[in-house]
Amino acid sequence: MQKHIMVVDDSPTIRSSVAFCLRNAGYEVDEAKDGQDALERLDVLKEAGTPLALILTDINMPRMDGLTFIGKVKATAFRYLPILVLTTEGEQGMIDRGKVAGASGWLIKPFHPEQLLWAIRKLIYTK
Ligand SMILES: [Mg+2]
């Protein structure tokens with residue numbers, strides 16, 4: 001069965017290029033435009049009983065940023081899912097805050113397809 005990944009980013013360009021890369025690699029992709037939108041979609045997936053393998057999220061987003069979103073996911077049924085961050089933020093203090101919130105991995109934009117797919121495989125198959 002195809003692994004399902006949720007991609008959360010406020011940039012439609014990033015969302016579609018990342019989603020294209022993931023679909024090409026055989027993943028099923030759900031897209032959300034910010035943390036709030038993503039939480040609502042998680043509810044829908046939960047209701048539908050759709051298993052999710054991983055969440056890939058941006059940090060800087062309107063309405064609900066990535067750090068807040070990660071913290072909220074940790075209070076849901078999806079708390080054990082690996083959460084990979086893909087962001088322009090590379091400052092150690094921010095990365096540490098992400099780890100504390102519950103991020104499993106941290107990648108800096110621009111995204112490189114091979115690096116992204118490697119990080120995703122590692123998190124999905126070795127958690
Ligand atoms: Mg952003």
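At q = 0.11, 0.14, 0.18, 0.21 Å⁻¹, what base-10 log of I(q)/I(0) does the Debye formula yield for the range 4-125 when every alpha carbon is treated as an equal point scatterer in vacuo?
-0.30, -0.51, -0.88, -1.27
For the range 75-125, what is the per residue volume of the convex hull drawn over the alpha-carbon atoms, in cubic angstrom? All intermediate terms of the calculation are to be shown ahead of the outcome.
Values: hull volume 3.9 nm³, N = 51.
About 77 Å³ per residue, rounded to a whole number.
Just to be sure I understand: with springs between alpha-carbon atoms less than 10 Å apart, which residue in 43, 30, 65 has the highest mean-square fluctuation in the Gaussian network model of the chain?
Of 43, 30, 65, the most mobile in the Gaussian network model is 43.
Choose one answer from 73, 44, 29: the residue with the largest mean-square fluctuation in a GNM of the chain with alpha-carbon springs under 10 Å.
Sorting by GNM fluctuation, first place goes to 44.
Note the full-extension length gain between residue 60 and residue 122 as 0.36 nm times their separation in residues minus their Cα-Cα distance, in nm to one decimal.
Details: separation 62, 0.36 × 62 = 22.32 nm, distance 2.45 nm.
Net length gain for the segment: 19.9 nm.
Which lysines does residue 122 reach when only Cα atoms under 18 Å apart count, and residues fewer than 8 places away in its own chain are ignored?
Reachable lysines: 3, 99.
Only four residue types carry charge here, +1 at the Cβ of Lys and Arg and -1 at the Cβ of Asp and Glu. Report the dipole size of the chain about the Cα centre in Debye, rounded to the nearest 20. Walk me through the intermediate numbers first.
Details: 16 positive and 16 negative charges, 93 e Å.
That gives a dipole near 440 debye.
Read-outs throughout are calculated quantities, based only on the coordinates presented, and are distinct from any laboratory measurement. These figures come from a predicted structure and were not determined experimentally. All Cβ positions, glycine included, derive from the backbone under ideal geometry; neighbour counts span all protein chains shown.
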